[in-house]
Every structure is written in C-alpha cells, then in structure tokens.
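Read-outs throughout are calculated quantities, based only on the coordinates presented, and are distinct from any laboratory measurement. Note that the structure is predicted; figures quoted are calculated from it, not measured. When we count neighbours, we look across all protein chains shown, and the Cβ atoms used for this are built from the backbone with ideal geometry, even at glycine.
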Amino acid sequence: MGGQQSTPSSPHEKAVLERLGNMQIEDSDNASAGHDSEKAAFSQISRRAEGLSIEVLQSWQNKALKDPKNRLALTALSSADPRKVLTSLPTELADQQIYNVKIPFEGGPITNQRSSGRCWLFASTNVFRVALMKRYNLESFELSQSYLYFWDKLEKSNWFLEQIIDTAGEDLEGRLVQRLLGDLVSDGGQWDMVYNLVDKYGLVPQSLYPDSWNAMHSGILNNILKTKLREFALKLRQLARSSEGVSAQTISSAKAEMIKEVTLILTLLLGPPPSSQQTFTWQYQDKDGKAHELQTTPKAFAKDISSSELRINSAAIEGMISLVHDPRHRPNTLLTVDRLGNIVGGRAISYVNVEIDTLKSACIKMLKAGLPIFFGSDVGKFSDSSSGIMDLDLFDYDLGFNTSLLGMTKAQRLMTGESQMTHAMVLTAVHLDEKTGKPVRWRVQNSWGTTAGDKGWFVMSDAWMDEFVYQAVIDPRVLSKSIKDILKQEPIVLPLWDPMGALA
C-alpha cells in the first residue's frame, strides 16, 4: 500500500453518497424525523440560527425538578459516578462466567499492556502462545509483545515517511496529509500488521526481551517520535517539491538518515531487541518441573508454532481471515483502507465484510474446534472494567435521564464518529441457549491485568457483540467456500480517515 497514489476525493464522495442512498434506515417511535432525508436530495431550509432563551431554559429546569424522581436523580447522579449509580444489579447477576462451549486450553497468565495501546499485540500473541504452550508443555508463558512493538514503531516510521514522499504533491493542509500527520505512529494495529511483523521479524519469548518502562508507559516515546517525524515530513516535502529538482536517490538518502535517528531513539527507550536472524538461547521449565534449553532464531521460532492437538500451526495462522461487520456496506464484500499499514511491501489490510450472524457463527465453530479468537470491538461502550461486564443493559440510562443512549443503529454510529474499533481481545468460550442454540454470552480474555474484571476475564452479552464488535479473525477451515471466495473480489477502498481505518 505504501506505493499507492492518492485517491481523488470525488470518486470517494460519489461512493459515500451512493452508500447513503442505498442504505435502509428504519424509523422508530423514538427516532427523530428526517432519517429518510439522508436518502433524498437535500435542499437547504431557509431559517435563521436561533440562540437559547434564558426564560425557556429556566422553565424547562423548573418543570423537570417538580418531578420527585428527577429530584432523587439529581441527588444521586451529581454526587457519584453516574454509571455506578445506574448499574443494573439484575444484569450483573445474569452475566456470569458460565459457558457450555469452551476451548480446552486458554493459556496464561493474564497479560497486562499497562499504560499503552498495544492491545492488538497482546491479543495476537495470546492467540499464538496457546499452541506453543501445548508444544513445550508450559504452565505459564508469554511471547514478547515489546519485541513486536519495537519493530512496529520502526516500520511505521518508515511507512509514514514513504506516505509523506508519495503525497508531496498534495496540499499540506488537505485532509489526507493532515490525517497522515495526525496519527502517524499509533500504538494500535491490526491483524494483517501483526502478520507482517511476525513474517519479517519472527517471535521471541518475553523472558528474552521483557517490557521496558517506555513500553509499559508509551506516551513519552510517542511524543518524541511524533515531533521528530513531523519535522522530517516537512523536510521531505520540501525536498520533493523543490523547484530545482532532486533525484530519487537524494530523497532516499535523506529518509535513511531520518530512520537512523528514529532507530537510535527506539533503541535507547526500549532497549536493543534480539536480531531476527541471530540464534537465541531460551531456557525454560515445563509444568512437570523439568528444565529445557532451546536454541533457535526469532523467525524459526515463529515458524515452529504448532500443536497437533489443536490442529494449528504457523501456516494456519498465516491463512487466518479478518471477518468484519460494517453495516454501512453490503455484506459479502471485500474492504481495504487506503494508505493503512506498517511494513512497506507487506500484506495490505483486508476485511471480509459479512452479516453479524455469519461472524458469530464462525466464532462458535472456532471455539468448538478449540481455537482462541482475536477480535476487535469498541470496548468503552456500555462496559465496566472493574466488573468486566460488557452489556447493553449494564447501565440504566433510561431510568436516570429519561432517555436512551441507543437511539442510533450500528451503521449510524460509524457514520457519525460515535463508535469505531478501539480494542483487541481474545474470545475463549461462549454460552449457547440449550433450546435455540443461539449465543447468550461470550468469555473474553483481556490484557488489562488481573485487577480488571474477574481476575482479568470479561463477559460480553450477545446483544453487546451485535452492536459493538466489528472484527473477528477466523481460521478459513471453518468458513464456507462462498465466504472465502470474497477474498478474490476487487476491494472497496476506504479512505484513511474512515472509521474502519481505526487501529485497535
């Protein structure tokens, strides 16, 4: 994707209008009138902007506080965390950690990403480690998230500078360049980015490259990188736009010096990582107390992921498919995001857009096969980190405010910026209704340490999954041929600022 040219805005705008025109938005009793106007030609309404009347506002308040319920709500909601006040006890009691379909081996320990946005690296390595723990008979094991984090930061820096060079002809203040400059080396990422990193650099045990302070608290590192990369971006644009003309080699040499500086910054803040090509020695003790020693390289170690019991290996992981549910687009279509990636020349971001029931059915098949699932969601919505519950009924906003916070559809939340993928975790179990076979709740392995949720474990209601889960990475062996064939389609290319371009 690094070599892609900038997509003109007019075809994208045409595609957006076409999607809006084709979208079926159902009205409800509580929905405001005018949803259908999104599908029709718009004509400006002639009216003057109106200010707020103090008298009217006062009358509204006076009327509201005549209601004893509102006076009680005022006392309760203004003196404590409103979400604690409005937490539904019946919902907490219903969302138990009880499941009738569970993978036989979930892996451990519960991991902790600390004050960083590395959830995607934790979720993916927590999926990888299950087969390794089985292979080496381990009680507890973590792969080094920091090892992938180091190389991801370096590769994203190079990716960003290549995008800056490629868009040198664009307006600096235009939306595309400003988007590139705004979110240039995010801690977040996607499954295809993990694949790129592991394919190029391999994996190492965490004991050989543990978290540094700056990996656990990434804010300062990110601020330093962003400042330097924005400075470098202006210099590269100036070179590329020079009226005197410069050679491609001159630009490449300038970029190489910049990456050299970035490498030094990362090395000093995170520590030098093991070389992907050099042999390391890993000493470990299995769960029977027997000591072992393994000598291999990071790339060979990654290729060694295998478990005959789980029917999984590195080749199976390589073929995993990202199913997404984006109801703005027709189901059974292929999506990608322009200029989103981390390694130049690596695998592009690829999403197979399906109905939510298709995504959930695939997840159930994965769990029945004993396989953990990397998934992406908007974790902050209708969830509580202390109890570890994600449920649409967890907070009774209707009771407290006489209004619902679920007045938009999933598509509308995406269109308005209300929701997007923000966090990656792992599914390890599901509870199915004994009569209908439909999912009721899902077991989630998070990476926020053992003080969050139930000793690190979360529970997600199936209704919450419908509304706020956007992605699940699935083994193609549990998918139908028709779903796998979607990968052969020409993808719909979304702009970089699209919500599906958000990094978990």
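Helical content of the chain, expressed as a calculated mean residue ellipticity at 222 nm, amounts to -12000 deg cm²/dmol (DSSP H runs of 4 or more residues, -39,500 (n - 2.57) each, divided by residue number, nearest 500).
Scanning residues 5 or more positions from Ser387 or on other chains, those with amide H under 5 Å from its amide H are Gly453, with H placed 1.01 Å from N in the peptide plane. A simple spin-label model places pseudo-atoms 7 Å from Cα toward Cβ; at Lys484 and Thr450 they are separated by 4.2 nm.
Given (1) 1.51; (2) 1.07; (3) 0.94, which label gives Cα Rg over 2.2 N^0.38 Å as computed from the coordinates? The calculated read-out lines up with (2).
For a 25 Å ceiling on Cα separation, which of these pairs sit above it: Lys66/Lys381; Lys156/Lys228; Lys235/Lys260?
Details: Lys66/Lys381 32 Å; Lys156/Lys228 13 Å; Lys235/Lys260 15 Å.
Pairs exceeding 25 Å: Lys66/Lys381.
When you restrict to C-alpha pairs under 8 Å that are six or more residues apart and normalise by the size of the chain, the relative contact order lands at 22 percent.
Remark: the stretch 166-173, residue by residue, has Karplus-estimated 3J(HN,Hα) of 5, 9, 4, x, 7, 5, 4, 8 Hz, where x stands for each Gly or Pro and the curve is 6.51 cos²θ - 1.76 cosθ + 1.60 at θ = phi - 60°.
Peptides 389-398, 211-220 ordered by packing proxy, namely the average of other Cβ atoms within 10 Å per residue, highest first: 389-398, 211-220. For Ile373, the residues whose modelled amide H falls within less than 5 Å of its own, excluding neighbours fewer than 5 places apart on the same chain, are Leu427.
Within the chain, the longest segment free of exposed loop sites, counting trypsin sites (Lys or Arg not before Pro) that fall outside DSSP classes H, G, I, E and B and have at most 12 other Cβ atoms within 10 Å, spans 67-240. In summary, the lysines within cross-link reach of Lys287, defined as a Cα separation below 28 angstrom excluding same-chain residues under 8 places away, comprise Lys102, Lys134, Lys299, Lys303, Lys368, Lys455.
Take the Cβ atoms of Asn137 and Glu231, set R0 to 60 Å, and the FRET efficiency comes out at 0.75. In this structure, Ala291 and Ile98 have a Cβ-Cβ separation that, at R0 = 56 Å, corresponds to a calculated FRET efficiency of about 0.90.
Of all aspartates and glutamates in the structure, the ones whose alpha carbon falls short of 12 Å from that of Lys438, not counting any fewer than 8 places away in one chain, are Asp357, Asp462.
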